[in-house]
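The values are calculated or read from the model by the stated rules, or taken from the named source; none is laboratory data. Note that this is a predicted model, so its numbers are computed, not measured. Virtual Cβ from ideal backbone geometry, glycine too; neighbours counted across all protein chains shown. Please note that ligands, DNA and RNA were not included when accessible areas were found on the heavy atoms of the full protein model with its side chains. Shrake-Rupley method; radii C 1.70, N 1.55, O 1.52, S 1.80 Å.
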Amino acid sequence: RGRSYVDDPGFFLARDGNADFAAELAATIRTLFAADAPAGDGAPACRFVARHRWLAARLGQPLPDALAACPAYAAWRGTVNAGRITLVFPGSYLNSPSSMFGHTLLRIDPPEGETATVWLSRAVSFGADTTGADGSLPYIWKGLAGGYAGYFQVEPYFGKIQHYGRMENRDLWEYPLDLDATETAFLVDHLWEVQQ
């Protein structure tokens with residue numbers, strides 16, 4: 001038996017869902033497919049769009065239109081125009097030894113044929129939530145030992161270009177991923193579930 005890397009209790013529908021995967025699956029099916037399942041932005045179906053779609057496909061269940069039923073998700077999804085996913089790796093920066101550990105992120109590009117510029121893409125990154133109040137040694141220790149909470153963030157890619165390329169003079173290595181439209185949509189829906 002495993003334990004989920006996610007330690008936020010809000011990510012699970014079962015009380016011990018991070019350690020008991022069978023209980024989490026049963027609670028998810030009960031909650032998402034109940035006849036009297038709640039609707040609207042606060043509902044689990046709107047919070048876990050990718051999970052709901054994946055289970056509905058596996059169970060042969062009808063799936064309500066999340067864009068119509070979940071206004072917050074629809075507004076967010078409207079800002080993420082996903083056509084292709086690219087893996088981006090910024091090289092190290094000589095003036096910052098911590099950059100030798102690297103920072104890998106994903107870039108969500110618009111579909112082919114639409115304004116094809118990476119400046120309009122979205123960047124997906126995972127980072128530590130540091131307060132800046134720690135000194136050098138606690139920062140190093142907490143950073144290496146997992147003492148900071150981590151979170152996903154989706155933001156405009158042009159900010160990453162400015163930060164890495166212009167301010168730190170770091171090379172950005174790009175590797176397009178071979179994901180089809182369904183896989184790309186699932187990845188974006190899952191980002192909705194894990195961001196922040």
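Below is a table of values for the structure above.
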quantity: Long-range amide H partners of ARG84 with built H, under 5 Å; calculated: ASP109
quantity: Accessible-area ranking of TRP173, TRP119, largest first, probe 1.4 Å; calculated: TRP173, TRP119
quantity: Helix-only mean residue ellipticity at 222 nm for the chain, each DSSP H run of n ≥ 4 adding -39500 (n - 2.57), per residue, nearest 500; calculated: -9500 deg cm²/dmol
quantity: Per-pair calculated FRET efficiency, R0 = 22 Å: ALA56 and ASP36 via Cβ, rounded to 0.05; calculated: 0.80
quantity: Around ILE29: net Lys/Arg minus Asp/Glu count, Cβ-Cβ under 13 Å; calculated: +2
quantity: With all protein chains modelled, accessible area of THR184 [1.4 Å, Å²]; calculated: 0
quantity: FRET efficiency, VAL194 to LEU137 (Cβ-Cβ, R0 35 Å, nearest 0.05); calculated: 0.70
quantity: Accessible area expressed per residue, the chain, with surrounding protein chains retained (probe 1.4 Å, Å²); calculated: 62
quantity: Backbone N under 17 Å from the ALA43 label point (7 Å along Cα→Cβ), restricted to the range 58-89; calculated: 61-75
quantity: For the range 74-86, 3J(HN,Hα) per residue [Karplus equation, 6.51 cos²θ - 1.76 cosθ + 1.60, θ = phi - 60°, Hz, x = Gly/Pro]; calculated: 4, 5, 5, 5, x, 8, 10, 8, 8, x, 8, 10, 10
